[in-house]
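Chemist: Before I ask anything, here is the structure I am working with.
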Amino acid sequence: MIDSLYIAWKYLSFNRARTATLVACVTLIAILPLALQLLLAESERQLLSRAESTPLLLGAPGSALDLVMNGLYFDDEVPQLISMMAVESLEASGLAMPIPLYVRFKARRFPIVGTTLDYFDFRALTIAEGRQLAQLGECVIGAEVAARLGITVGDSLLSSPETVFDLAGVYPLKMQVAGVLQRSHTPDDLAVFVDIKTAWVVQGLVHGHEDVTRPQDASVIIERTDANVVANARLVEYTEITTENIDSFHFHGAPGDYPLSAVIAVPDDAKAGTILRGRYLDGDAGYQLVVPETVIDGLLANIFRIKHMLDAVILVVGVATVLALILVFALSIRLRQREIHTVFRIGGSRLTIVRLLAAEIAIIVLFSGLLCMAAIVLVHQYSNELVRTLFIG
Amino acid sequence: MRPRGIIRIVTTALLFAVSLAEAGERLSVYTVNYPLQYFAQRIAGEQAEVTLPVPPAIDPAFWQPDVATIANFQQADIILLNGAGYAKWVNRVSLPRRKLVDTSAGFRDRYIHTEGDITHSHGREGDHSHAGTAFTTWLDFTLAVEQARAVAGALSRQRPDSKDIFERNLTALEQDLLDLDRQVQEIVVTNPGKLLLASHPVYQYFRRRYGLNLQSVMWEPEAMPDVAQWSALARLLMEHPAGWMVWEGKPAPESVARLRSMGIGSLVFDPCGNRPGAGDFLSVMQKNIANLRRAYTN
C-alpha cells in the first residue's frame, strides 16, 4: 500500500496544476454548504438572542423590520422618528420601563446611540475601562470601536455630518470618551453610546452659545430691540462641551417634542406586556409596538427559504462537479494508457492499477478534507464578525 | 467549650448578621434640595438613607455636581427631583431615568411660567427665549403635600412591604404641612390687600396660593443694592407702596436701615432650599410664618 501511495504522491506532485485544480474543486464543493450552515446558524443565534432579550419595541408606523434592525442592530436605515412623548406615555401607563433610543448619527462610520443609562443595565453592559457617562458631551464606546479606531478613555471623537452637502448644517460635536465597554459580542461592541441629550446636541436641538445680550463681538448682532436680539451665523456656538461652557447649553421647546428613533419597552410582567400590546394594536396612537422576536422570526424564515434554494443550487453544482471529476479521472486514465501499459509490462496487476488510482483519489480527498477543516475552523472563529459584516451590517 | 456557650456565640453571630443585612437593605435616596430630603426622611424613617449632596450655604437650584457626585446619584435607588426646571444641572448630566422621580409632575399644569427674558435668533433656528418656570413649588404648602405624596409613592414602589409605614408617616407630614398652610391663610385673611415687596422672585407659588399682593425686585440679601437698584425700587414704590420687604435670607444691616428710613420694614421668609443651620424644614417655616405675622399685625 505504501508503495502505491508513494507512486501516487509522486504522480500528483509532478502534475501540480492538475492536482491543485482537483483539490480546489473538492474543497469548494465540501466547504460551501458547511460554511453557509455555520454562518446561518450564527446569524440566527445573534439575531434571535438580541431579539429575544428585547421584549417590545415602540416606534413609528411603517416597516417593522427597519424599526427592529435600527433599534436592535443599529442599522443605517433610520425609521420614521417619534418623539419623547412616546416615552412619557409609556411611563404614565405604569406597565413598562421605557428606554429611549435615538440611532441616527455616526462618528467615523460607527453609529451614535443616544439613550439613557437604563440601556446599559438592561443589556448588562459593563465598563471595561474608564467610567460611565456622567455629563453632556461624553461618550462611552464599544470594545470594537476602541480597537478599530485605536482610541481610549480621554480621547475625543467627532460626530460626522449627516450628508457631505449639508454645508449649512450643525457643527460636528467633539465628544469626550469617558469609558470603553466590556466586549459583549453584540452590535453594542460597534456603537458609540451617548446620553440621549447629547444626541440632541449632535443634531443641534440642544445647543450652547455665547450670551447674545453680551457678545464678545458686537458685529454678530444684526438687530436688537428691548424684547428680541437677532444674531448672525457668526455667533459662537460651542462644538465641544466643557466645564466652562456646559451651563450655556440649553433646550428649546417642550421636552416631549424631542425626537427618537425607537423606545425599548420592558414590561413589568407578561400581563403588563399583553395589556400594552393591546393598547397599541390599533395604531391610533401613531405608534407601532412590535415584538422583535416575531419580526426576526419572519426575517429568518425568509433567510431559510433562501438557504433552501441555495442548498438546492449547491447540490446541483456539487453533482455536476462530481461528474466532472469522474470525467477528469476517466479522461486521465485514457491519457495515461501508455503509462498503465508500462505498469502491466513490468508485472503490475489490474489491482495494482486500481490501487494506484485509489491512492491518488485518497490523497486528493485528504488534502481537500484538511483544507476544508482549516477553512471551517477559520469561519467558526470569525463567524461572529463575519455575520455582523455580511448579514447584520 | 460548653454547648450553651457555643449556642450563645452562634445566636449572637446570627443576630449580628441579620442586623447587618437589615442595615444593608436601607434604600439609598438622593435629592436635589432640602425640602425633598426632609419629606423623604420623614416618610421613610429608618427605611432609607436620604442624601442631599449640596454643600451648606449653596443654593441647590444653581449648584453643579462634580463627576464623583454624579456617580453617587447614579448609584442611588431613588433620585428625587423637584421638577419645574429646578436644578438645571439635571438636564446636563446622565442619570438613570427609571430612578428619577419628578415630584411635581402631578401638577405640571399648575406651574408658573416666568416671562421677561429676551428672545433671540441665530443660524437657521427661529426666535426663541430662555424663559423659565418658577420652581419654589414647596412654598405653596398644598403643592408640598403633593410632592410628599410623590415621594411616598416612589418609596412604596421600591419597597412595597413597607408601604403601611410610609403611608402612616406621610399622613403625619401632610398634617404638618396643611397646618402651615392654614396658619398662612389665617394671617393673610386679616389683611388680604396688604402690599409686600420681595427681595427676589422666588415666592411665585407662595403668592398665588395665599393671594399675596407682592412685587419682586432682584436683590441679594447679603449685598447692599446699588444706585440703579434703589432707583428701580423707588419707581416700583410709586405703583406699589408696600410697607414690608420679604427677604429670602438675612439681609445686610445697611439695606435694612435704609429701607427702614423709607418706612419699609424687613422680614425673612427663608424658602429653605438647602439645609438650615439650625432646626429643620418645619421649624424654619414656623419661624417664617411668625415673621410674616409680624408684618400683618404691624
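Values quoted throughout were computed directly from the atomic coordinates according to the rules given, and no laboratory measurement underlies them. Just so we're clear, the structure is a prediction, and the values are computed from it rather than from any experiment. FYI the Cβ positions are ideal-geometry reconstructions off the backbone, even for glycines, and counts take in every protein chain you see.
Chemist: Provide the gained length on full extension for the span A:Asp257 to A:Ala324, in nm with one decimal, where the gain is 0.36 nm per separating residue minus the Cα-Cα distance. Present the calculation step by step, with values, prior to reporting the outcome.
Modeler: Working: separation 67, 0.36 × 67 = 24.12 nm, distance 6.64 nm.
Working it through step by step, the gained length comes to 17.5 nm.
Chemist: Turning to a different aspect of this structure: Calculate the translational D of the protein assembly as shown in whole µm² s⁻¹ from Stokes-Einstein, where the hydrodynamic radius comes from the Kirkwood formula applied to all Cα pairs, the temperature is 20 °C and the viscosity 1.002 mPa s.
Modeler: Details: Rh = 31.3 Å.
Answer from the Stokes-Einstein relation: 69 µm²/s.
Chemist: Something else about it: Take peptide A:132-138, look around each residue's Cβ out to 10 angstrom, count Cβ atoms belonging to other protein chains, and average those counts. Please list the in-between numbers first.
Modeler: On the way: counts 7, 5, 13, 9, 5, 1, 3.
That average works out to 6.
Chemist: Quick query: amide H of B:Ala198 versus all other amide H atoms, modeled in the peptide plane; which residues come in under 5 Å with a sequence gap of 5 or more or a different chain?
Modeler: Amide H to amide H, under 5 Å and 5 or more residues apart or across chains, B:Ala198 pairs with B:Gln215, B:Ser216, B:Val217, B:Val246.
Chemist: Let me know the mean shielding of A:291-304 by other chains, meaning the per-residue number of their Cβ atoms within 10 Å of its Cβ.
Modeler: Details: counts 0, 0, 0, 0, 0, 0, 0, 0, 0, 0, 0, 0, 0, 0.
That average works out to 0.
Chemist: Taking the Cα centre of the protein assembly as shown as origin, work out the dipole magnitude from +1 charges on Lys and Arg Cβ and -1 charges on Asp and Glu Cβ, in debye rounded to 20.
Modeler: On the way: 61 positive and 72 negative charges, 518 e Å.
It comes to approximately 2480 debye.
Chemist: Let me check against my output: what whole-number percent is the relative contact order of chain A, with C-alpha pairs under 8 Å and at least 6 apart?
Modeler: Values: 582 pairs, mean separation 110.3, N = 393.
Reported relative contact order: 28 percent.
Chemist: Another one. Extending each Cα 7 Å along its Cβ direction at A:Lys10 and A:Lys174, get the distance between those two points in nm, one decimal.
Modeler: Rounded to a tenth, the inter-label distance reads 7.4 nm.
Chemist: Averaged over B:55-65, how many beta carbons belonging to a partner chain fall within 10 Å of each residue's beta carbon? Present the calculation step by step, with values, prior to reporting the outcome.
Modeler: Values: counts 0, 0, 0, 0, 0, 0, 0, 1, 0, 4, 2.
Mean partner shielding for this stretch: 1.
Chemist: What helices in chain A pass both tests, a Cα length along the helix axis of 24 Å or more and a mean Kyte hydropathy of 1.0 or higher, using whole DSSP H runs?
Modeler: Both cut-offs are met by A:292-335, A:350-381.
Chemist: I would also like to ask the following. Going by how many other Cβ atoms sit within 10 Å of their own, how do B:Met238, A:Met84, B:Met245, A:Met97 line up, fewest first?
Modeler: Working: B:Met238 7, A:Met84 20, B:Met245 24, A:Met97 16.
Least to most surrounded, the residues fall as B:Met238, A:Met97, A:Met84, B:Met245.
Chemist: Additional query: List the pair-distance distribution P(r) of region B:145-298, using every Cα-Cα distance, as the percent of pairs falling in each 10 Å bin from 0 up to the bin containing the longest distance, rounded to whole percents.
Modeler: 10, 35, 30, 15, 8, 2, 0
Chemist: If you take the charge dipole of the protein assembly as shown about its Cα centre, with +1 on Lys and Arg Cβ and -1 on Asp and Glu Cβ, which of A:Leu315, B:Thr190, A:Tyr287 is farthest toward its positive end?
Modeler: A:Leu315
Chemist: Mind giving me the nanometre distance, one decimal, between the label points for B:Leu195 and B:Asp280, set 7 Å out from Cα along Cα→Cβ?
Modeler: So the label points at B:Leu195 and B:Asp280 sit 4.1 nm apart.
Chemist: If you plug each phi of region A:254-262 into the Karplus form 6.51 cos²θ - 1.76 cosθ + 1.60 with θ = phi - 60°, what whole-Hz ³J(HN,Hα) values come out, in order, with x for Gly and Pro?
Modeler: Using θ = phi - 60°, the values come out as 6, x, x, 8, 6, x, 9, 9, 6 Hz.
Chemist: With the crude spin-label approximation of a point 7 Å out along Cα→Cβ, what separation in nm comes out for B:Leu178 versus A:Ser184?
Modeler: Distance between the two pseudo-spin positions: 4.8 nm.
Chemist: Could you give the semi-axes, largest first, of the ellipsoid that matches region A:78-211, computed as the square roots of 5 times the alpha carbon gyration tensor eigenvalues and rounded to whole Å? Could you put the intermediate results ahead of the total?
Modeler: On the way: eigenvalues 98, 90, 38 Å².
Each semi-axis is the square root of five times an eigenvalue, giving 22, 21, 14 Å.
Chemist: What dipole magnitude, in Debye to the nearest 20, does chain B give about its Cα centre under +1 on Lys/Arg Cβ and -1 on Asp/Glu Cβ? The partial results should precede the final answer.
Modeler: Details: 31 positive and 31 negative charges, 130 e Å.
Here the size comes out at about 620 debye.
Chemist: Still on this structure, I have one more. Could you give the semi-axes, largest first, of the ellipsoid that matches region A:329-393, computed as the square roots of 5 times the alpha carbon gyration tensor eigenvalues and rounded to whole Å?
Modeler: Details: eigenvalues 398, 28, 7 Å².
Equivalent-ellipsoid dimensions as semi-axes: 45, 12, 6 Å.
Chemist: Report the gain in length on full extension from A:Gln337 to A:Leu366: 0.36 nm times residue separation, minus Cα-Cα distance, nm rounded to one decimal. Could you put the intermediate results ahead of the total?
Modeler: Working: separation 29, 0.36 × 29 = 10.44 nm, distance 2.59 nm.
Between A:Gln337 and A:Leu366, full extension yields an extra 7.9 nm.
Chemist: Across region A:51-102, what fraction of all alpha-carbon pairs, as a whole percent, falls in each successive 5 Å bin from zero upward?
Modeler: Calculated P(r), rounded to whole percents: 4, 20, 29, 25, 17, 4, 0.
Chemist: Taking GluC sites (Glu not before Pro) as candidate sites, keep only those in a DSSP loop with at most 13 other Cβ atoms within 10 Å, then name the longest stretch of chain B containing none of them.
Modeler: B:126-221
Chemist: Would you order B:Trp63, B:Trp138 from fewest to most other beta-carbon atoms within 10 Å of each residue's own beta-carbon? Mind dumping the intermediate values first?
Modeler: Numbers: B:Trp63 18, B:Trp138 30.
Lowest count first: B:Trp63, B:Trp138.
Chemist: In µm²/s, what is D for chain A at 25 °C and 0.890 mPa s, where D = kT/(6 pi eta Rh) by Stokes-Einstein and Rh is the Kirkwood radius from Cα pairs? Display every interim value, and only then the final one.
Modeler: Values: Rh = 25.8 Å.
Calculated translational D: 95 µm²/s.
Chemist: To continue, here is another question. Grab every C-alpha pair in chain B, bin the distances at 5 angstrom width from 0 up to the longest one, and report whole percents.
Modeler: Once binned at 5 Å, the Cα pair distances of chain B give 1, 5, 10, 14, 15, 14, 12, 9, 7, 5, 3, 2, 1, 1, 1, 1, 0, 0, 0.
Chemist: When the convex hull of the Cα atoms of region B:201-243 is projected onto a plane and the area is averaged over all directions, what value comes out in nm²? Mind showing how you got there, number by number?
Modeler: Working: hull surface 13.9 nm².
With every direction weighted equally, the projected area is 3.5 nm².
Chemist: With a 10 Å Cβ neighbour count serving as the proxy for reagent exposure, in which order, fewest first, do A:Cys372, A:Cys25, A:Cys139 appear? Don't jump to the answer; show the numbers that get you there.
Modeler: Values: A:Cys372 20, A:Cys25 17, A:Cys139 25.
Fewest to most other Cβ atoms nearby, the residues stand as A:Cys25, A:Cys372, A:Cys139.
Chemist: P(r) tail for region A:20-136, what percent of Cα pairs lie past 20 Å?
Modeler: On the way: 3970 of 6786 pairs.
When all Cα pairs of region A:20-136 are counted, 59 percent exceed 20 Å.
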